[in-house]
Each structure stands twice: as C-alpha cells, then as structure tokens.
Amino acid sequence: MNVKSLGYIGIESSHIEQWQRYCSDFLGLMNMSTDSNELSYRMDDQAWRLSIQQGKAEDLVFAGYDARDQRTLMALCNQLSELGCPPKKDDALAARRGVSCLYVVQDPDGLQVELYYGATEAAETPFVSPAGVGKFVTGDQGFGHIVLYTKNYEKKYAFYTEGLGFFLSDTILMFGKLMLTFLHCNPRHHTIALAAAPTNKHLNHFMVQVNSLNEVGYANDRALAMDIPVTTLLGCHTNDRMVSFYTKTPSGFDVELGYGARTVDKNWSVAHHNSPSIWGHRSAE
Ligand SMILES: [Fe+2]
C-alpha cells in the first residue's frame, strides 16, 4: 500500500509577517488564517495546504500524507510498525488539522509525519488567488514536492518506500558528488526527494506547480517587483522536465515555482542523470 499524496506541510518560523507577504503577494496563495501565530493557506478546494506557525525552527516541522481511507491508513500503519516505527493515533491533532482520522510518527531524522484521511474541502468558497494565479496543479498530485535532507539515508529510504509505499523515480548526481533520490506515490514525478547531508535542517525546498508558462513568468515578475531574492534562475530539470525558478523564503530555504513537469505511470522506468538541468537553473547568488 502507498500514500495517495502529500496533502499539506507545516513550517515553523519567527518571520510570520514576511511569510504572509511571501505567501499571499508572491506565491498567490489564499490566506485563511484566523490566528496571528499560525498562518494557513489554501491553493485549491482543500481547506488548507500550507501552515506557517510561530517558532524558531525556520524549517519544515510536519508533513501530512493523504492515505485515502481507513483501510489504507491501517495498512500503512502496519507497514511502518514492521519497520519499528509504529504510528500513534492523535484525535486532538486530527481536529486541529481538520481531518477525520490522523496517526502521527517521526521519520528517521525526527521529522513529524502525519497520516490521515478525510481532509476538509471548502469548494463552497471558491479558491481566489490574491496575486491572480489561475490554478495550482494539485488534485491527484497533492500539494507539490518537498526535498528533504537526511543524516540517515538508508533508514530514511526504507521509511518512505517500505513504510509509506513510495516508488523510486530516478536519481541525479549533483555537481559530481551529491546524490539526490526522487520518489513518487502518484503521477507527480516526485513528491519527495532525499539528499544525504550533514545538517540538522529537514527541508532543502518545497515546490508549487502552476498550470501555464505565463504563470511562471508572472511570478518571476512579481519576485523582481517585490525584491524577493531569486536564488536560481529559470531552467528546465532533466528528470521531471519542469520549467522553474527558485526564490529564498523568509526562513532561508528555497521555494521552487514551476510548470510543465512530465508525469509518471506504471510504465515508468527508473533512470539516472548526471545533471539537474537540461538548460538554465544558473545560480543567481
Ligand atoms: Fe524541486
């Protein structure tokens, strides 16, 4: 059994006001916040998909995976228990996240992983982007993707493949030395990627996908107009073929914003690449 998708993520930061500007005016997410210490954002019909809570981590602090239904959720809990990582049911957290049922477990690097079904939808109030973004690519493909650092690569790989049921998409050797491993659980080419690195941080970057090249261009213009630091210029990745650029968030990690990624299906063959990009993606720093 495998998770259906990455449903939501949570960031902890002491720069809440800067994050509010970054999420609303640059990314174009819909602000649903009711608490000044925790921002909450929508990007589609789901009631929320991104949370920024007050704190010092400047990092990803939880990731929630949609398990579809009770049966799959229980099967995933069994898989994780067999790996020595038994999830615990948390009804109070389920209520806080607005889901029907939720189990929580720490991954091998101590990142909080939440498995749930029954996320609240809010289609009765249409998604409206404050920056005029027409549509984010979510649905079956979930929130987007996250690239995670790990100090326990073998255990981390087993946790996400054997525990959560992810499949290997491909690998990229970056700069001749750093190996990145890309994993999928639905048609999105990768929902998570793993990078072995000696850091206490969890997150390298997260990615949101828009549905036209013009939307990438508009976002690039917004970054320039708002003085949002662009860290990696426009380019096209070798593995998912996404045309994207990267900006620095108020927490210091990056967000990738892109369009046009190819999807994977049951005929996908695992590949290896020695470069991250077909063209572009030059460092702007
Ligand atoms: Fe990415």
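The values are calculated or read from the model by the stated rules, or taken from the named source; none is laboratory data. These numbers were taken from a predicted model, which means no experiment stands behind them. Here Cβ is always computed from backbone atoms with ideal geometry, including for glycine, and neighbour counts include all displayed protein chains. The accessibility values were calculated without ligands, DNA or RNA, using every heavy atom of the protein model including side chains. Shrake-Rupley method; radii C 1.70, N 1.55, O 1.52, S 1.80 Å.
The figures follow:
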read-out: Potential lengthening between A284 and E38 on full extension [0.36 nm per residue; Cα-Cα distance subtracted]; value: 85.4 nm
read-out: Exposure ranking of R21, R49 by accessible area [1.4 Å probe, largest first]; value: R21, R49
read-out: Cα shape, the stretch 29-126, gyration tensor, a/c 1.5 rule; value: oblate
read-out: Karplus 3J(HN,Hα) series, Hz, for the stretch 178-189 with 6.51 cos²θ - 1.76 cosθ + 1.60 (x for Gly, Pro); value: 9, 8, 9, 10, 10, 10, 10, 9, 7, x, 4, 3
read-out: Helix-derived mean residue ellipticity, 222 nm - over the chain, DSSP H n ≥ 4, -39500 (n - 2.57), to 500; value: -4500 deg cm²/dmol
read-out: Dipole moment magnitude, nearest 20 debye, the stretch 1-83 about Cα centre, only Lys, Arg, Asp, Glu C-beta charged; value: 220
read-out: Backbone HN-Hα couplings from phi across the stretch 38-45 [Karplus 6.51/-1.76/1.60, Hz, Gly and Pro as x]; value: 8, 7, 9, 10, 9, 9, 6, 6
read-out: Cα centroid separation - the stretch 103-122 against the stretch 175-193, whole Å; value: 20
read-out: Cβ-placed point charges (K, R +1; D, E -1), dipole of the stretch 150-285 about Cα centre in debye, nearest 20; value: 280
read-out: In nm, spacing of pseudo-spin labels at A92 and M1 (7 Å Cα→C-beta vector); value: 2.6
read-out: Positive-end residue, the chain charge dipole about Cα centroid, Cβ charges, pick of H272, M30, V210; value: H272
read-out: Dipole of the chain [Lys/Arg +1, Asp/Glu -1 at C-beta], most positive-end residue of F159, A94, M174; value: M174
read-out: Fraction of accessible area attributable to carbon and sulfur, the stretch 13-153 (%, probe 1.4 Å); value: 47
read-out: Karplus-derived 3J(HN,Hα), 6.51/-1.76/1.60, for each residue of the stretch 244-260, Hz, glycine and proline x; value: 8, 9, 10, 10, 8, 7, x, 8, x, 7, 9, 10, 8, 10, x, 9, x
read-out: Length gained when the stretch L178-D221 is fully extended (0.36 nm per residue, less Cα-Cα span); value: 12.3 nm
read-out: Per residue, in Å², the accessible surface of the chain once ligands and nucleic acids are set aside, probe 1.4 Å; value: 43
read-out: Dipole in debye (nearest 20) - the chain, about Cα centre, beta carbon charges: Lys, Arg +1; Asp, Glu -1; value: 480
read-out: Whichever lysines have a C-alpha closer than 20 Å to that of K88, once near sequence neighbours (fewer than 8 apart) are set aside; value: K4, K155, K156
